[in-house]
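Participant: One structure is given below, represented as structure tokens, and several questions about it will come after.
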Amino acid sequence: MHDLISIKDLNRELIEELFLLADKYNKNRHAGGFEDKVVAGAFFEPSTRTALSFETAAKMLGAEYIGFRSWEGTSLAKGENLADTIRMLDNYADCIVMRHPNDGAARFAAEIAEKPVVNAGDGKNEHPTQSVQDLYTIRNSFGKIDGLTYGFVGDLHYARAVNSLLLALNMFKPKKVYFISPESLTVRGEVLRTLNYKYEALADPNKVIDEIDVMYITRIQKERFTDPYEYKKVEASYRVDLALAEKMKSSAIIMHPLPRINETDRGIDRTKHAKYFAQASFGVPVRMAVLSKILGGKR
Amino acid sequence: MKKGELIVSKIMNGTVIDHIPAGRATVVLGILGIDHTIKNRISMVINAESKSMGKKDIVKIENRELKSEEADTIALVAPEATINIIRNYEVAKKMKIKVPESIARIIKCPNPLCITNNDVEAASRFAVISKNPIILKCEYCGTEIDDRDALNALACG
């Protein structure tokens, strides 16, 4: 594995290998072994969990971590283009972790850089390490990913975490996947056409709530709407409340890539279904696994 | 005009592109990067009668032989076009165009947030995921377009 731009750069075998590595790093977070490496974090868009977990992961592996967390303070603010910024980071670091607001920016950066590029989210396109983290959470909850019924709730149109996870499920055998969202926020056609499993789109979660094993909720991706009027139309158009959560199977889990706004009832936090904080905590061992695999060597 | 009379005279050497859908001759020239700045003489017929197409366009480029990979780039807008290479007034070679596997630069991605529309060094590149009907997928942002969208999104148009 050189770059990780799309979840499609991985296969099931590689994902399962990453799980085993994440298990190892979960037990031994201060693993070290990469003291001679430098990881550059190029975050052109706000991030809390992804940026901090990559930085923590790099440091736990013993690597140096350099980078920036916004456009301001870089030469991009002076008008430098992305390609030149990437060339500079390519000189300084052994691996570039990049988040960028433009769709396809990570693939472009990977074509410019000789060093590996890890996509930490590009526009509405993909967020592959989030998907590995999500799959790891599911595998740790159920001992499997196959044979489960999934319900994706919310903004399925612009959420890159959903996009990547739907593509990732092509490598597994979900029993069924429900897309629960307002019509204007449903999965994009180009993603839908590539899915190889059974799915159904609907607006009311009550009809299928007792079938769902994994409910994956996303916030409305306000920053992806090009028309503020379109955002206003769907703002607050869905919410998962405690009453709905109580109708779920006792073993069912609720996931969320975070941040959350008003789409979930915070009362759910206290139920056994809530898995989003555990999901977030897996960010560090999973990204340690990804970085160690990319930085290479048998250490 | 007498029956059998040529609208545009024969060329001695060069390329004749025939069976272009009516109205698309200028688009074909645009894709090929041919305009008034080149030295070659260009003849163009728009709305010529055609038995098979009803109406068609024809383009004649003097003293330039199109390469087959150049010819393939016009497949999106003129899939039925025939290309004849002319040497000394005779047809020396007939080329049938085929839809290429990928198309770089000539089509602008319709997604305004695609990196290819936001960095001076990034050029568009589409994979041809279906040839009939034509469906193209942006290799950067994944946006899919059909031939009508492609025609609207021609970077040179």
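Each reported figure results from applying straightforward, stated rules to the coordinates on display, with no laboratory input. Keep in mind the model is a prediction, meaning the values are calculated, not measured. In this analysis, Cβ positions are derived from the backbone assuming ideal geometry, glycine residues included, and neighbour counts consider all displayed protein chains.
Participant: Label residue B:146 and residue A:195 with points 7 Å out from Cα along Cα→Cβ: what is the distance between them in nm?
Facilitator: In this crude spin-label approximation the distance works out to 2.2 nm.
Participant: Still on this model: Using r as the Cβ-Cβ distance of residue A:146 and residue B:51, and R0 as 56 Å, what FRET efficiency do you calculate, to the nearest 0.05?
Facilitator: That gives a FRET efficiency of 0.45.
Participant: Which GluC sites (Glu not before Pro) does segment B:1-79 hold that lie in a coil by DSSP with at most 14 other beta carbons within 10 Å?
Facilitator: Of the GluC sites (Glu not before Pro), the ones in loops of segment B:1-79 whose Cβ has at most 14 other Cβ atoms within 10 Å are B:5.
Participant: Pick out, in residue order, every one of the trypsin sites (Lys or Arg not before Pro) in segment B:63-127 that is DSSP loop and has at most 15 other C-beta atoms within 10 Å; say none if there are none.
Facilitator: Working: sites: B:64, B:67, B:87, B:93, B:94, B:96, B:98, B:105, B:108, B:125; in loops: B:64, B:67, B:98, B:105, B:108.
For trypsin sites (Lys or Arg not before Pro) across segment B:63-127 that sit outside H, G, I, E and B with at most 15 neighbouring Cβ atoms in 10 Å, the list reads B:67, B:98, B:105.
Participant: Which residues in segment B:86-101 place their backbone N less than 20 Å from a point set 7 Å from the Cα of residue B:43 along the Cα-to-Cβ direction?
Facilitator: B:86-95
Participant: Right, another one. With a Förster radius of 41 Å, plug the Cβ-Cβ distance of residue A:202 and residue A:16 into 1/(1 + (r/R0)^6) and report the FRET value to the nearest 0.05. Kindly include the intermediate steps, with their values, before the conclusion.
Facilitator: Values: r = 32 Å, r/R0 = 0.77.
Efficiency at R0 = 41 Å is approximately 0.80.
Participant: Return an integer: the convex hull volume of the alpha-carbon atoms of segment B:102-153, in Å³ per residue.
Facilitator: Residue-normalised Cα hull volume stands at 62 Å³.
Participant: Moving on. Answer rounded, prolate or oblate for segment B:1-83, using the Cα gyration tensor with square roots of eigenvalues a ≥ b ≥ c: rounded when a/c is under 1.5, else prolate when a/b is larger than b/c, else oblate.
Facilitator: It is oblate, given that a/c is not under 1.5 and a/b is not larger than b/c.
Participant: Could I have the simple spin-label model distance between residue B:154 and residue A:262, label points 7 Å from Cα toward Cβ, reported in nm to one decimal?
Facilitator: Spacing of the two 7 Å Cα→Cβ label points: 4.9 nm.
Participant: Tally Lys/Arg at +1 and Asp/Glu at -1 over every other residue whose Cβ is under 13 Å from the Cβ of residue A:120; what's the total? Spell out each step's value before the answer.
Facilitator: Values: positive: A:49, A:69, A:99, A:160, A:287; negative: A:3, A:45, A:55, A:122, A:126.
Cβ neighbours under 13 Å give a net charge of 0.
Participant: Could you work out how far the C-alpha centroid of segment B:79-138 sits from that of segment A:78-137, in angstrom?
Facilitator: If you average the Cα positions of each part, the centres end up 28 Å apart.
Participant: Between beta-carbons, use under 14 Å as the cut-off and find the net charge around residue A:6, counting Lys and Arg +1, Asp and Glu -1.
Facilitator: -3
Participant: Need the C-alpha centroid separation for segment A:174-197 versus segment A:1-71, integer Å.
Facilitator: For segment A:174-197 versus segment A:1-71, the Cα centre distance is 29 Å.
Participant: Further question: Per-residue ellipticity at 222 nm for chain B, helices alone: DSSP H runs ≥ 4 residues times -39500 (n - 2.57), over residue total, nearest 500 deg cm²/dmol?
Facilitator: Result for chain B, helices only: -2500 deg cm²/dmol.
Participant: Further question: Normalising by the residue count of chain A, find the relative contact order in percent from Cα pairs under 8 Å and 6+ residues apart.
Facilitator: Here the relative contact order equals 21 percent.
Participant: I would also like to ask the following. Can you give the longest stretch of chain A with no exposed loop site, where a site means GluC sites (Glu not before Pro) in a DSSP loop (not H, G, I, E or B) with at most 10 other C-beta atoms within 10 Å?
Facilitator: With GluC sites (Glu not before Pro) excluded where exposed in loops, chain A gives A:115-299 as its longest stretch.
Participant: Which helices count as membrane-span-like in chain A under these terms: full DSSP H, at least 27 Å along the axis by C-alpha, Kyte-Doolittle mean of -1.0 or more?
Facilitator: none
Participant: Also, quick follow-up: Run through segment A:73-153 and list the trypsin sites (Lys or Arg not before Pro) located in a DSSP loop whose Cβ has at most 15 other Cβ atoms within 10 Å.
Facilitator: Taking segment A:73-153 and a limit of 15 other Cβ atoms within 10 Å, the loop trypsin sites (Lys or Arg not before Pro) found are A:144.
Participant: Kindly count the pairs of lysines across segment B:14-96 whose alpha carbons are less than 17 Å apart, treating pairs on different chains or eight or more residues apart as eligible.
Facilitator: 8
Participant: Residue A:29 to residue A:278: extension gain in nm, 0.36 nm per residue of separation minus the Cα-Cα distance?
Facilitator: 88.1 nm
Participant: What full-extension length gain, to one decimal in nm, is calculated for residue B:9 and residue B:127 as 0.36 nm per residue of separation minus the Cα-Cα distance?
Facilitator: Length difference between fully extended and current span is 38.6 nm.
Participant: Using the structure shown, list the pairs from A:8/A:275; A:144/A:293; A:249/A:293; A:24/A:247; A:198/A:232; A:198/A:247 with a Cα-Cα distance above 29 Å, or answer none.
Facilitator: Listed pairs above 29 Å: A:249/A:293; A:24/A:247; A:198/A:232.
Participant: Can you give me the distance in nm between label points at residue A:183 and residue A:70, each placed 7 Å from the Cα along the Cα-to-Cβ direction?
Facilitator: Label-label distance for residue A:183 and residue A:70, simple model: 4.0 nm.
Participant: Moving to a separate point now. How high is the FRET efficiency from residue A:52 to residue A:88, r the C-beta distance, R0 25 Å, rounded to 0.05?
Facilitator: So, using R0 = 25 Å, E works out to roughly 0.60.
Participant: Take the Cα radius of gyration of the protein assembly as shown and divide it by 2.2 N^0.38 Å, with N its residue count; two decimals is plenty. The partial results should precede the final answer.
Facilitator: Numbers: Rg = 26.7 Å, N = 456, 2.2 N^0.38 = 22.5 Å.
Normalised by 2.2 N^0.38 Å, the Cα Rg of the protein assembly as shown equals 1.19.
Participant: While we're here: Of all the Cα-Cα pairs you can form in chain B, what percent are over 18 Å apart?
Facilitator: For chain B, the share of Cα pairs beyond 18 Å comes to 60 percent.
Participant: A further question follows. Taking a cut-off of 22 Å, what percent of all Cα-Cα pairs in segment A:128-280 are separated by more than that?
Facilitator: The proportion of pairs with Cα distances above 22 Å equals 34 percent.
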